[in-house]
Amino acid sequence: MTVTYPTTAAFAQVRGACPHDCPDTCALLTTVEGGVATRVQGNPAHPQTAGVLCAKVARYPERTYHPGRILTPLKRSGAKGSGQFTPVTWDEALADIAARLGAIAARNPQAILPYSYAGTMGLVQGESMDRRFFHRLGASLLDRTICATAGGEGLVHTLGAKVGMKVEFFAESQLILIWGSNSITSNLHFWRIAQQAKRDGARLVCIDPRKSETAEKCHAHLQLLPGTDAALALALMHELIVHDWLDHDYIARHTLGWQQLRERALTFPPERAAQVCGIPVEQIRQLARDWGTTRPAAIRLNYGMQRVHGGGNAVRAIACLPALTGAWRHRAGGLLLSSSGQFPVDRAALQRPDLLAGRSPRSINMSTIGDDLLRGTSPGFGPRIEALVVYNSNPVAVAPESAKVVRGFAREDLFTVVLEHFQTDTADWADYILPATTQLEHWDVHLSYGHTDVLLNRPAIAPLGQARSNAHIFRDLAARMGFAEPCFADGDEQLCRQAYGKAVDFGRLLETGFAPLAVADAPFADGGFPTPSGRCEFFSERLAAQGLDPLPDYLPNHEAPGSSARYPLAMISPPARNFLNSSFVNLQSLRDTEGRPVLEMHPEDAAARGIADGAPVRVFNDRGSYECHAAINGRARRGVVNGLGIWWRKLGAGGTNVNELTSQALTDLGRGPTFYDCLVQVQPLV
């Protein structure tokens, strides 16, 4: 296998794709001068990107050439968690890792666990050779739930898949509900489209517990309590029914379970929802009137609102709304949460599940890694986790109930390998850190969950130091383990070609860097939903068969606001504007812009506790405590605090972050985490 990289020509521009966990999946142009990347910009030829990047990714050369980049394999030389390492050769690292994994696998390969998520969204560096390696090994499977599974399951059981509107047609909508999304900071290119619609007369309504930057720019803001979105959606249905703002023909021809849903919705008058949601009843009536009488009308839903106990049901309820009014008839009507189900990815070719050879390893939920690393061997759980291979993730910072996560990583009998760019909170606990390439240094191919274009990423520069791509590292480990199957010789460019097979023209990707999918402008104008019935399923037979409620309903939070005298404040932890999950936190320029870890508080909640703006505070519950500074900036509603994340623990006060407080309780559907379902108390630090 030959690996080729760009030349050291005096000047070149290389087409690529942003790898980060964002719906925009921007097309990049990297300027290379003498083999050095000097600038990363948006590709103006890609309609969705239109030459525009967020401030984070525009600094990608700063990230790639950061003095803290890990550029050689490192072996732990101090106590676990000390962050003390000694450089070693690749041969030494690979030989020792393979020997130790092999010894564990000889006893029980399920004692080995991969842990990865969306540090890169690329199909090659995120879910190809790594999956082949662990399938061949027979390791435990990882249930990758930490972001979006509740909402994804909600869509699957309502619309049939992660499908929806084409994002560009929001520009033609007359009403846009921005539900659970701070689009200005986390979906910039959609926000540009929404702004165009606003200039053309559209009404924008934001639904969010936080008065976000986006909420400030909308015509109306419904600042509901966390976890009450389903109650609001059901009340909207109630008003649609009572006022007959319904498309009876669309309901009859293209939906399933209308009578049952109607009965449930009529139990949720606006007065009941107003009490549950903590908002004025007239806001609910006005929103229902707007939704019922405006055409075309569209919903841009995002994943924040599904990180609560009833998150899956909430997405189901909201996803029913466009079918009730026939919004899907228009290309500028309907809903978009994720478009990822449109992409014809050949995951069997990429991941090779056939390498399991009939074995059925257990599955470990990544959202409960804090508990699972502390479990012993048992008939119900299986073998104690003895080895952990972490890549594309920083679980010590991002997983819930992080005090338990740290305790698990601190186990002396746990062998931990981390593939990383930087010495993150997680890397500090590794036995080996292996240097991984950044997006500017490797091949990859991408889907998107915010538009419908396939993107190719070419390497713009040669790998720095001794860094190797994720796929390269797992190829090397496979060879050391003696895995002789031909698929372990596939190179990164070859894997890019396998990802879509003949479904996408790879020649076009090479030529232009992107290829739009052939998706109908109004995909459900005449029904044709990818559900078993072909209809929008208000009533889900598949959920009924699992013993679950077949209709969407409101499920209160595990830790419902107002349910605890000891912990009277509900906390959500939306992303800080200048970070992307825990990525970019180590860039000084972005950290300087962000300032410091803060907890946004309502003035009344702060005053009741003797807390002034900017004062240091301790946020705590039974799971732990977190030190930060109060921000009384008008963004928090009364009874709710906003702990902006996700700071690295070691860069925050007290050595913890907001996930010290979040729980490992799971969502109703999809086994997802409940980051925004969390009660706390706050006190001044003295």
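Numbers at a glance
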{"item": "In segment 588-601, the residues that are open to solvent by 30 Å² or more (accessible area, probe 1.4 Å) and over 25 Å from residue 401 (Cα atoms)", "result": "588, 589, 592, 593"}
{"item": "Where residue 520 falls short, out of the listed (1) within 19 Å of residue 330 (Cα to Cα); (2) free of Cβ contacts under 8 Å to residues at least 60 places away in the same chain; (3) crowded, with 19+ Cβ neighbours inside 10 Å", "result": "(3)"}
{"item": "Of all residues making up segment 633-666, the number that are in contact with a His (Cβ under 9 Å, 6 or more places away or on another chain) and open to solvent by 50 Å² or more (accessible area, probe 1.4 Å)", "result": "2"}
{"item": "Hits in segment 493-513 - residues which are closer than 23 Å to residue 392 by Cβ and open to solvent by 20 Å² or more (accessible area, probe 1.4 Å)", "result": "493, 494, 497, 498"}
{"item": "Only one of 125, 110 that is modelled with pLDDT of 95 or more and within 17 Å of residue 355 (Cβ to Cβ)", "result": "110"}
{"item": "Count of segment 64-110 residues which are outside any loop (DSSP other than H, G, I, E, B) and either without any contact (Cβ under 8 Å) to a residue 24 or more places away in the chain or open to solvent by 40 Å² or more (accessible area, probe 1.4 Å) (or both)", "result": "14"}
{"item": "Flag for residue 113 being of a type in the set (A, V, I, L, M, F, W, C) and part of a strand (DSSP E or B)", "result": "yes"}
{"item": "Some residue of segment 255-273 being buried (at least 20 other Cβ atoms within 10 Å of the Cβ), in contact (Cβ under 8 Å) with a residue 12 or more places away in the chain, in contact with a Cys (Cβ under 6 Å, 6 or more places away or on another chain) and at negative phi", "result": "yes"}
{"item": "Checklist (1) open to solvent by less than 10 Å² (accessible area, probe 1.4 Å); (2) without any contact (Cβ under 8 Å) to a residue 12 or more places away in the chain applied to residue 177, failing item", "result": "(2)"}
{"item": "Some residue of segment 318-334 being without any contact (Cβ under 8 Å) to a residue 24 or more places away in the chain and surrounded by fewer than 22 Cβ atoms within 10 Å (Cβ to Cβ)", "result": "no"}
{"item": "Yes/no for residue 15 being within 16 Å of residue 458 (Cβ to Cβ), open to solvent by 20 Å² or more (accessible area, probe 1.4 Å) and within 31 Å of the chain's Cα centre (by Cα)", "result": "yes"}
{"item": "Segment 556-569 residues that are closer than 19 Å to residue 604 by Cα and open to solvent by 30 Å² or more (accessible area, probe 1.4 Å), paired with ones that are assigned to a loop (DSSP other than H, G, I, E, B) and of a type in the set (Ser, Thr, Tyr) (beta carbon under 9 Å, 6 or more apart)", "result": "561/228"}
{"item": "Inter-residue pairs, beta-carbon under 6 Å, first among the β-branched types (Val, Ile, Thr) and in segment 138-157, second assigned to a loop (DSSP other than H, G, I, E, B), 6+ apart", "result": "145/671; 145/672; 146/117; 149/670; 149/672"}
{"item": "Extreme residue, surrounded by the fewest Cβ atoms within 10 Å (Cβ to Cβ), among residues of segment 159-173 that are outside any helix (DSSP H, G or I) and out of contact with any strand residue (DSSP E or B) (no Cβ under 6 Å at 6 or more places or on another chain)", "result": "161"}
{"item": "Residues of segment 313-348 that turn out to be of a type in the set (Lys, Arg) and under 20 Å from residue 173 (Cβ atoms), as a count", "result": "2"}
{"item": "Answer residue from segment 667-684, given it is among the charged types (D, E, K, R) and more than 29 Å from residue 607 (Cβ to Cβ) and is most open to solvent (accessible area, probe 1.4 Å) among those", "result": "671"}
{"item": "Residue count for segment 594-622, restricted to those that are within 20 Å of residue 184 (Cβ to Cβ) and touching a residue at least 60 places away in the same chain (Cβ under 8 Å)", "result": "1"}
{"item": "Conditions (1) open to solvent by less than 20 Å² (accessible area, probe 1.4 Å); (2) farther than 18 Å from residue 344 by Cα: number failed by residue 454", "result": "(2)"}
{"item": "Subset tally (residues that are open to solvent by 20 Å² or more (accessible area, probe 1.4 Å) and more than 21 Å from residue 630 (Cβ to Cβ)) for segment 570-582", "result": "2"}
{"item": "Among (1) within 30 Å of residue 277 (Cβ to Cβ); (2) open to solvent by 50 Å² or more (accessible area, probe 1.4 Å); (3) not polar (S, T, N, Q) - the single one residue 536 does not satisfy", "result": "(2)"}
{"item": "Among the candidates 332, 319, 314, 298, residue that is of a type in the set (A, V, I, L, M, F, W, C), at pLDDT 95 or above and in a strand (DSSP E or B)", "result": "298"}
{"item": "Residues of segment 369-414 classified as among the β-branched types (Val, Ile, Thr) and open to solvent by less than 20 Å² (accessible area, probe 1.4 Å), total", "result": "6"}
{"item": "Restricting segment 1-28 to residues that are charged (D, E, K, R) and in a loop (DSSP other than H, G, I, E, B), the residue that is modelled with the lowest pLDDT", "result": "21"}
{"item": "Sole exception among (1) open to solvent by 20 Å² or more (accessible area, probe 1.4 Å); (2) of a type in the set (A, V, I, L, M); (3) touching a Leu at 6+ places or on another chain (Cβ under 9 Å) for residue 585, by number", "result": "(1)"}
{"item": "Any hit, segment 49-63, residues being without any contact (Cβ under 8 Å) to a residue 24 or more places away in the chain, within 20 Å of residue 582 (Cβ to Cβ), open to solvent by less than 70 Å² (accessible area, probe 1.4 Å) and not aromatic (Phe, Trp, Tyr)", "result": "yes"}
{"item": "Residue match in segment 397-408 (condition: at pLDDT 95 or above and within 23 Å of residue 473 (Cα to Cα))", "result": "no"}
{"item": "Count - residues of segment 335-360 that are among the hydroxyl-bearing types (Ser, Thr, Tyr), outside any helix (DSSP H, G or I) and surrounded by 19 or more Cβ atoms within 10 Å (Cβ to Cβ)", "result": "2"}
{"item": "Residue count, segment 620-632 (criterion: open to solvent by less than 40 Å² (accessible area, probe 1.4 Å) and not polar (S, T, N, Q))", "result": "6"}
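Residues checked against (1) touching a helix residue (DSSP H, G or I) at 6+ places or on another chain (Cβ under 8 Å); (2) part of a loop (DSSP other than H, G, I, E, B); (3) over 19 Å from residue 555 (Cα atoms); (4) touching a residue at least 60 places away in the same chain (Cβ under 8 Å):
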| site | (1), (2), (3), (4) |
| --- | --- |
| 627 | yes, no, yes, no |
| 638 | yes, yes, yes, no |
| 650 | yes, no, yes, yes |
| 664 | yes, yes, no, yes |
| 669 | yes, yes, no, yes |
| 686 | no, yes, yes, no |
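The values are calculated or read from the model by the stated rules, or taken from the named source; none is laboratory data. Only a predicted model underlies this, so the values are computations on that prediction, with no experimental measurement involved. Every residue, glycine among them, receives a Cβ derived from its backbone with ideal geometry; neighbour counts consider all protein chains shown. Ligands, DNA and RNA are excluded from the accessible area calculation, which covers all protein heavy atoms including side chains. Shrake-Rupley method; radii C 1.70, N 1.55, O 1.52, S 1.80 Å.
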